[in-house]
1. Do you know which residues across region 283-315 are under 26 Å from THR225 (Cα atoms) and over 35 Å from the mean Cα position of the chain (by Cα)?
2. Name the residue, out of PRO178, PRO154, that is out of contact with any Ser or Thr (no Cβ under 7 Å at 6 or more places or on another chain) and modelled with pLDDT under 85.
3. Any idea which of ALA506, ALA477, ALA459 is in contact with a Pro (Cβ under 8 Å, 6 or more places away or on another chain), surrounded by fewer than 22 Cβ atoms within 10 Å (Cβ to Cβ) and either more than 23 Å from ASN645 (Cβ to Cβ) or modelled with pLDDT of 85 or more (or both)?
4. Could you check how many residues of region 564-579 are assigned to a loop (DSSP other than H, G, I, E, B) and at pLDDT 90 or above?
5. Is it the case, given these coordinates, that LEU627 is over 20 Å from TYR545 (Cα atoms) and within 42 Å of the chain's Cα centre (by Cα)?
6. Go through region 541-566 residue by residue and tally those that are over 25 Å from SER469 (Cβ atoms) and buried (at least 22 other Cβ atoms within 10 Å of the Cβ).
7. Criterion first (modelled with pLDDT of 80 or more and in a loop (DSSP other than H, G, I, E, B)) does GLY245 satisfy it?
8. Give the residue, chosen from LEU363, LEU333, LEU356, that is at pLDDT below 85 and either in contact with a Leu (Cβ under 7 Å, 6 or more places away or on another chain) or surrounded by 17 or more Cβ atoms within 10 Å (Cβ to Cβ) (or both).
Amino acid sequence: MSPTSPRRLWLFVRRTTPRDRAVFAVFVLCAAARLAQALGAAVPFATVFDVVAFTALTYFAVRSIPWVRARLLWSLRNRLIVAYVFMAVVPVVLLLTMVGVSLYLLELQIGAHLLRDDLGSEIAAMAADTKAIADALNREPGSQIATPAKPGLPPLPDPALSQPNAAALVAAAQERWPNLSAEVDKGRELVSVSNGGRFSGLVEHGGQLCIASAEVFGAANRPATLLLMAPITTAMLDGFPSKLGPIELTLLDPADQSTGTKVRVEINGTSYVFGEQVASGTRTIAPAANWFDARVNGGATLDAYRADPGADPSERPVVARFSLRTSVINRDLLTSVGALAPLLVIGLATAGVIFLLIEAAALVTGVVLTRTITHSIADLYDGTLYVRRGDFSRRVRVANRDQLGALGDSFNEMTGSISELIESQREKQKLENEVAIARDVQKRLFPHTLPSLPGLDLAAICRPARVVSGDYYDFIALDNGRVGIAIADISGKGIFASLLMASLQAALRSTATLERHAGTAEIVSRVNKHLFRNTSDDRYATLFYAVYDSVAKTLTYTNAGQLDPFFMVNGTIQELDQGGTVVGLFEDAVYTECTIAVGPGTVLVAFSDGVTEAESAYGEEFGTERLRAEVIRLRNSTATTVAENLVAAAENWSGSPEQADDITVVVARMD
């Protein structure tokens, strides 16, 4: 339908009121009279017609306000422009100038924060070195501290800095701070300031500004103090990693009669004079990137403590001055500028009074701000349309670092997070499928059929703490009425432990099957070499391997670091502890084997640490004694009953549906 079609005109007329139509008719009559008068006709009461026409126009102007508001002001941009038109110019200028001052203060605080971070990094590094040297001194016996102990106390072993470990650490610290000094039994006053056994921070020593760290070490009845201290030098200031420009640190000395006519500075009610100054040498400020890229000169106050021997460790203020370029420093962490804050507030108030006199460009500023707001909102609206269609790759343009820019960043982060969540869900599903496959594969590694020999009853249970287990058990049928019995616990949990378990199972089965006449020690030794050569250095396993000979009625075993299994005959339990260390950790590990006779009613119970380390709600472990009592109680039961009851006892003890570790129990009853 055309905007000027008769139907639209008719709809518009129908929406008017009778008063509107009457006023319009009067206006048409007045316009006709004015036209007739223009054509030379005589029109009586022409002035009255002009007044009536003006009144009609005023009426239509008032009646058009809702239409204008609905048609013209529907746009957010137009609404904001009108709002800025009705706003006074002075408040707008004041707001903008106050924002500028606030940005300056923000940059100043950021500069102070960067300077504190730079100094803090040096102090933290020295504190770490002090802690390391103190720890080394605690481990160095043999010498005596130069200062005598207090009367009535025994002398403390000397943490002499000449000992090899301590000397090496001091030398390493001196590579970073060439003028570093390390002293024992100094810095007690500094430690007392911190009330925590150690101190780190700025100090004044002999009129020189330094960074220092003190640490208390030694026995409780004769503690000693280690003090590391290095002067702040030009090279140190030049080496700060931040992008600050020139830096200068000035130590303030308390003012007294000897200071004479020196310039005094009052901080917190105390007068000071300027002392030692340390300034950077090679730090420069970057050139201005544009007209608005101002150079910010600022300062802050820092706290230092006196470190002279025997002196009161009172605070000594340090005035720090620095400069920065706003285009280079772009951080969002604000810190305090110390005692200079009141001066800065006064400066801000003064600037506010001056800026009240400035009036300029209120409407232009409003239009610019309006365009920024409306463009950001339009981009956000377009972005929501893409999201509604399921396209999360859309990113809105963030042109300014303001609240709308933050809103744009939040929208971009939201869409990115949703995309990542969708992708993460896919990867999680894929991983779950792979873990399920690994679980099925691992189940196939455990024996599904148990060897059958007269008088031999076997049972085993493995309850993994996760989807896959790091525990392993096996029954290997050998020749001449012999059966191999194995249980192992792989270091770690999860997929990697299950892979190592598969490697151990393959190595043990192949070795035991091919080397049928080899002893258990020889088999465990070969498995150890296999794991050592095919796994990383931090991976190992505990292994118990035994061979039951039904003809000779003997049990030969080798215990490689596994919890000692129980060998019970007639209610008496013997722990099988002969063997050697864990497998996979040392290539040349030596293992031994032991052969014991098997009598009627003999029961072998092997278990992983998940059984004995199961904790109750109060943190108490199940322990071997409770396990031993359960084995004695079940000594006349079948192997399956024993295994099930032992696992149930450990699970009931923990009382938690989630296991902290894999639980494995192997039971062999030999009659």
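The values are calculated or read from the model by the stated rules, or taken from the named source; none is laboratory data. In this text the structure is predicted, and so the values were computed from the model without any measurement. No Cβ is skipped: glycine too gets one built from the backbone with ideal geometry, and neighbour counts run over all protein chains shown.
1. ARG306, ALA307, ASP308, PRO309, GLY310, ALA311, ASP312, PRO313, SER314
2. Result of the check over PRO178, PRO154: PRO154.
3. ALA477
4. Number satisfying all stated conditions: 5.
5. Judged against the criteria, LEU627 is a match.
6. Count: 1.
7. yes
8. Answer to the selection: LEU356.
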